[in-house]
Amino acid sequence: MALPWTLHGDGKTVEAQAVVGPGERLSWPLTIGIGSQHVVAMFGATFLVPLLTDFPPSTTLLFSGVGTLLFLLITGNKLPSYLGSSFAFIAPITAATASAGMGSALFGIMAVGVLLALVGVIVQLTGTGWIDRLMPPIVSGAIVALIGFNLAPVAKANFDKAPLTALITLIAVILCTVLFRGILGRLSIFLGVLVGYVAAVFFGEVDFSRVADAAWIGLPPFTAPANPMENPAAVLGVLPAFLPVVLVLIAENVGHIKGVAQMTDAKVNQLTGRALLADGLATMLAGFGGGSGTTTYGENIGVMAATRIYSTAAYWVAGIVAILLGLSPKIGAIIFTIPDGVLGGVTTALYGLIGVIGVKIWLDNKVDFSKPVNQFTAATALIIGIADFTLNAGALSFNGIALGTVAAIVIYHLMTWLGRIRKTA
């Protein structure tokens, strides 16, 4: 069977300012090298999510690789993307696991995947215009920001467990960001974790007991989602915390596709529906087997921007490598040795960066905060999310992320509607 890529030039060299398109590839040794670079770019963020949520890292890595290959198939090898663990799931997974166990969190992940896949089908049939109307920049920015800031207490709790290690990790992340350029600069989180880990080993905070017993090769642990029929109150009660994640994944995917389209071909935007469907199916699959939900990764966009190589062949390599890493229980055990202090330091920056991404959405879209509708939409949603307001309605519990998301959407559209009525009255 013929491979779907044409060779770029002689496959060994890339001319100055030349672009290697999604349907092209370099020689296989070079393609494997580029694909491995994508693995490095995604690895730091992807392994942090299961580490922060007590999910098996090897399982999450396996499903991120499988999800990436599924994404490439569904988008016809035309959209270069890696599906890594989404940080938007951290808060609802943490809350669900604490209240109703890991199985309920996996059910929530599956529910998000189902909804995202349905949105993908609708977008494929109708286009993305309704998404832009439902979530204009002021709303989407507020939702992304409040998810990041809602996690601040989690970062502080880990920081307080080993303040010196956490501080060393945080300083290392900042210094790596400032001192390094290119791919190393984009790996500042990963490098900061390495520095913090070395410090933690020196301070005797790392437990290697489980590493020696782990096999080099083997299947990762799989966990089935909870059955809502057995304990509907507990399982269905976690859904309100997960549903806002759908909106974040839509925003992340649409933004990713627009970024790739700007660098390659505007026709890529026509794949938005397929991309949402693919990410939804990948998230469903991960939730069904015990992995974290997925999203398209900005880290890998950075690699493409730096190299000007957009070949989907490199992403096939990255997906396959991730699957191989997931089939090594020892790697998962090593990842799990990262202590709380290191996590506290890196998440102090990381969770704040998630919040700042929301602010960046406002800045990039020149949101006018002199308008009361924008002021109240952002202000109310952020306070509800940061303070983690909670509303209990029978068996259902709505946390700050769910309530903040609803507030952002309702306040914006209600004030906009009332403003129009006032003008016509």
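The values are calculated or read from the model by the stated rules, or taken from the named source; none is laboratory data. This one's a predicted model, so the numbers in the text were calculated from it and none came from an experiment. Here the Cβ is made from the backbone with ideal geometry for all residues, glycine too, and neighbour counts use every protein chain on show.
Listed values, structure above:
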quantity	calculated
Set Thr59, Thr13: member being within 23 Å of the chain's Cα centre (by Cα) and among the β-branched types (Val, Ile, Thr)	Thr59
Matching option when the condition is among the β-branched types (Val, Ile, Thr) and under 24 Å from Thr94 (Cβ atoms), among Ile168, Ile143	Ile143
Single residue of Thr337, Thr272, Thr264 found to be crowded, with 21+ Cβ neighbours inside 10 Å and hydroxyl-bearing (Ser, Thr, Tyr)	Thr272
Hits in region 386-402 - residues which are assigned to a loop (DSSP other than H, G, I, E, B) and modelled with pLDDT of 75 or more	Asp388, Phe389, Thr390
Out of Leu239, Leu249, sole residue that is under 16 Å from Ile93 (Cβ atoms) and in contact with an Asp or Glu (Cβ under 8 Å, 6 or more places away or on another chain)	Leu249
Check on Val119, more than 19 Å from Leu61 (Cα to Cα), at pLDDT 85 or above and surrounded by fewer than 17 Cβ atoms within 10 Å (Cβ to Cβ)	no
The lone exception for Val303 - which of (1) at pLDDT below 85; (2) within 30 Å of Asp207 (Cβ to Cβ) it fails	(2)
Selected residue [outside any loop (DSSP other than H, G, I, E, B), farther than 20 Å from Ala117 by Cβ and without any contact (Cβ under 8 Å) to a residue 40 or more places away in the chain] from Ala91, Ala98	Ala98
Segments classed as helices (runs of 4 or more DSSP H), wholly inside region 170-218, with at least 3 members that are modelled with pLDDT of 80 or more, over 26 Å from the mean Cα position of the chain (by Cα) and not small (Gly, Ala, Ser)	188-202
Residue in region 124-140 that is nearest to Gly355 (Cα to Cα), counting only those that are touching a Leu at 6+ places or on another chain (Cβ under 8 Å) and not small (Gly, Ala, Ser)	Met135
Matching residues in region 24-39 - criterion: being at pLDDT below 80 and surrounded by fewer than 17 Cβ atoms within 10 Å (Cβ to Cβ)	Gly33, Ser36
Test: residue in region 102-114 that is polar (S, T, N, Q), in a helix (DSSP H, G or I) and surrounded by fewer than 20 Cβ atoms within 10 Å (Cβ to Cβ)	no
Residues (crowded, with 16+ Cβ neighbours inside 10 Å and assigned to a helix (DSSP H, G or I)) located in region 357-375	Ile357, Gly358, Val359, Ile361, Trp362, Val373, Asn374
Positions within region 143-157 being in a helix (DSSP H, G or I) and within 17 Å of the chain's Cα centre (by Cα), in sequence order	Ile143, Val144, Ala145, Leu146, Ile147, Gly148, Phe149, Asn150
Lone unmet requirement of (1) in contact (Cβ under 8 Å) with a residue 12 or more places away in the chain; (2) surrounded by fewer than 21 Cβ atoms within 10 Å (Cβ to Cβ); (3) assigned to a helix (DSSP H, G or I) for Pro228	(3)
